[in-house]
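Visitor: One structure, pasted below without further comment.
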Amino acid sequence: MQTKFKKSYRFAVRTSVYITLYTTLLMGVFFYYFTELKWFALLWYAICVFCFTFVIIQFSVERFIYKRVKKIYDDLTLLESANMSNGPITTNMQTLTEEIDKFARDKKLEIETLKVREEYRREFLGNVSHELKTPLFTVQGYVLTLLDGGINDVNIREKYLERASKGIERLGYIINDLDMITKLEVGDLSLNIEVFDIVELAKHTFEMFEMKANKKKITFTFDRDYSEPIMVRADKERIQQVLANLIVNSIKYGRLKGTTEISIENLIKNKVIVRVTDNGEGISKIHMPRLFERFYRVDKSGSRKEGGSGLGLSIVKHIIEAHRERIYVESEFGVGSEFSFTLEKVQ
C-alpha cells in the first residue's frame, strides 16, 4: 500500500517554498544590482533557505501538533480505550479523526448496551420479586389463618395445609430453576454425555404427562411410527428436561381436545432435529424476540394460574446451547406453535 504524504509535511513544504521564493527573489535583485555572483550561487542560496525553513517549520509543527494530540490520547486512555492507548500516536489529522470517530461509535454502542442491560436487570429483579412474593404471601396467608383459629377446624386445616404445601412446592420449583439457569449461564453445570434412543426418551416423557394431558383431553402422538431407534449423543437427563418443558407448555397453552406431536427427522448427515408441535393458542409475533427470556410470559395472568416458575423456555434454550446445538420456534397466533432443536446423531 502506498504511504500518503503527511499533511504536516505538505504544510511545511508549501510554506518553505513560499519563503524560499520570496527571499530568493529579493536576493536575486540584490545580487543583480550590487554583486557579481553567478546564478548558481543564487540556486544554492535558495536550496539552503528551503532546507532550513522546512526543517524549522516541520519541527515546530510536529511538536505543536504532537503536544495537543498526545493530550487527546491521554484523555482517551483515561476512558479505557484499548485501541487508542495501545497504538502509536499519530499526528496525521485524517487518521486521528478516523480513530476518534471510531472511538465515539464504540463508546456509543457500549453505552446503549449498558442501558439495555440495566433495563433487563431491573426487569429481571422485578420479575424475581414478583414470582417469589406470590407463593410466599399465599403460604403466609394460609398459615396465619390457621394460627388465628382455623387449625381447630379439621376441614379448613387440611385444605389450607394442602394449599400451603403447593405454594411451598412452587417456591421450590422457582429456586431450583434459578439455580440451574445460573449454573447454565456461567458454564458451571457439567453435562453427562451418553448415547441413547431419542424415540424411547420421547415416549417416556409423553407417559410422564399423560394424566396432565387427559385433563384437557389433549392427545399425544408421533408424526409416524418409529419402528427403529434413533440414537443420539447428549445428556439424556437434560434432554428429557427439554422435552418435558416443551410438552408441559403445549399442554398449558393447548386447546381442549387438541394434540401435541413429536417428530424426529434427519437434518444433515450427523444431525437430527426434534420437533414438538401443538395446535394450541399460538404466539403473537410481538412476543417472539423475548420468548426465551427469564420470567417472560406471553399470557401473564393465564400462565400464572397454571403455575410454573416462568423459567422453562429459558432453561430449554440454555441446555440446548450447552450442547452446542440450536433451538428454533415457529408459531402463528390462533393456529399453534412448533419448537424444534438439533442433536448430534450417532450413526
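Visitor: If each residue's Cβ is checked for other Cβ atoms within 10 Å, how do Leu313, Leu189, Leu267 rank with the fewest at the top?
Guide: On the way: Leu313 22, Leu189 17, Leu267 14.
So the residues, fewest neighbours to most, are Leu267, Leu189, Leu313.
Visitor: Using alpha carbons only, how many angstrom separate the centre of the range 180-214 from the centre of the range 312-332?
Guide: Here the answer is 12 Å between Cα centres.
Visitor: May I ask you to evaluate 6.51 cos²θ - 1.76 cosθ + 1.60, the Karplus curve with θ = phi - 60°, for each residue of the range 141-150 and list the ³J(HN,Hα) values in order in whole Hz, giving x for glycine and proline?
Guide: Per-residue couplings from phi come out as x, 5, 5, 5, 4, 5, 5, 7, x, x Hz.
Visitor: Another one. Please rank Tyr226, Tyr328, fewest neighbouring Cβ atoms within 10 Å first, as an exposure proxy.
Guide: Tyr328, Tyr226
Visitor: Okay, next question. Please arrange Arg122, Arg326 by counting, for each residue, the other beta carbons lying within 10 Å of its beta carbon, fewest first. Display every interim value, and only then the final one.
Guide: Working: Arg122 10, Arg326 14.
Sorted ascending by nearby Cβ count, the order is Arg122, Arg326.
Visitor: Going down the table (Lys236/Lys271; Lys115/Lys285; Lys215/Lys252; Lys115/Lys317; Lys215/Lys257), which pairs top 21 Å between alpha carbons?
Guide: Lys115/Lys285; Lys115/Lys317
Visitor: Please turn the phi angles of the range 317-323 into ³J(HN,Hα) values with the Karplus equation 6.51 cos²θ - 1.76 cosθ + 1.60 (θ = phi - 60°), one per residue in order, whole Hz, x for glycine and proline.
Guide: 4, 5, 5, 5, 5, 5, 7
Read-outs: derived from the displayed coordinates by stated rules, not from any lab. What you see is a predicted model; the values in this text were computed from it and never measured. Glycine gets a Cβ as well: all are built from the backbone with ideal geometry, and neighbour counts include every protein chain shown.
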